[in-house]
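The values are calculated or read from the model by the stated rules, or taken from the named source; none is laboratory data. Given the structure is predicted, the values throughout are model-derived calculations rather than measurements. Please note: Cβ atoms are built from the backbone with ideal geometry, for glycine as well, and neighbour counts cover all protein chains shown. Side chains are part of the model used for accessible areas, which takes the heavy atoms of the whole protein and leaves out ligands, DNA and RNA. Shrake-Rupley method; radii C 1.70, N 1.55, O 1.52, S 1.80 Å.
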Amino acid sequence: MSVRILVADDQPNVRTMLQEYLEAQGFRVQTATDGRDALQKAATFQPELILLDVMMPYLDGHDFIRAFRRESDVPVILLTARQEETDKVIGLELGADDYVTKPFGLREVLARINAILRRVKTTPPDESAWIRIGAIALHPVQRRVKRNGVPVPLTPKEFDILNLLMASSGQILSRSALFDHLHDELNEGAERTIDVHIRNLRLKLEEDPKNPQFIVTVFGAGYRVSMG
């Protein structure tokens, strides 16, 4: 079955270009004209990935993510004309998984889509594969995380970082090591984005995110999970 992609952009030429190209690649595509329309379409179309313009009327891309992440962890790739790093970091902080800067090439968009879909692709479940450290349990095959038995929704990159940290059995991993592990050759992000994902993980997993006890910062070295 074809992967469902929702394209949300207020520019008709961008919507048409992406829809025609992605449908030619075998995807099922639906479009939305603004953030409010995108929320409604997401509820009915149930996309498996969303391409989301940041600057849209009624509800912009950032406000869309705030609302959407309350209900879903479906991957979101931002389409942004903004060049400033802070604008991109805001999107990642809110739960976006990647971003493409306008103007973009269609092959670049396709490569980013395929990279994310590879990361979130599920395989047959194996209940014996849970990694358990303290209150946190992670299933690397099913890509599920629980805290004290309660499911915790993570974005694909948040999951990948947590998976790497937990599989490293308390070893310190530098920002560059984490970045290199997740990085594809087309991504123009910076190592600072790792800090954003770590902060989001702490908000979801720690009892007191301002005083983290599970994902620990080792100053000057990187991050590790506490095994105690």
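Per-structure values
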quantity: Count - residues of the range 101-120 that are of a type outside the set (A, V, I, L, M) and open to solvent by less than 40 Å² (accessible area, probe 1.4 Å); calculated: 5
quantity: Failed criterion for Asp10 (all others in (1) farther than 22 Å from Val120 by Cα; (2) crowded, with 18+ Cβ neighbours inside 10 Å hold); calculated: (2)
quantity: In the range 23-57, residue surrounded by the most Cβ atoms within 10 Å (Cβ to Cβ) [restricted to those that are in a helix (DSSP H, G or I) and within 20 Å of the chain's Cα centre (by Cα)]; calculated: Ala38
quantity: Residue selected from the range 190-228 under the condition surrounded by 12 or more Cβ atoms within 10 Å (Cβ to Cβ) and polar (S, T, N, Q), by the criterion nearest to Arg132 (Cα to Cα); calculated: Ser226
quantity: Pair list, Cβ under 7 Å, 6 or more apart: the range 197-220 residue touching a residue at least 24 places away in the same chain (Cβ under 8 Å), other residue among the β-branched types (Val, Ile, Thr) and open to solvent by 80 Å² or more (accessible area, probe 1.4 Å); calculated: Val218/Ile172
quantity: Failed condition for Ile161, given (1) within 14 Å of the chain's Cα centre (by Cα); (2) open to solvent by 20 Å² or more (accessible area, probe 1.4 Å); calculated: (2)
quantity: Checking Met17 against (1) in a helix (DSSP H, G or I); (2) under 21 Å from the mean Cα position of the chain (by Cα), the condition it does not meet; calculated: (2)
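So that you can scan it fast, the table gives a plain yes or no per residue for (1) over 17 Å from the mean Cα position of the chain (by Cα); (2) at pLDDT 90 or above:
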site: Ala167; (1), (2): yes, no
site: Ser176; (1), (2): yes, no
site: Asp184; (1), (2): no, no
site: Leu205; (1), (2): no, yes
site: Lys210; (1), (2): yes, yes
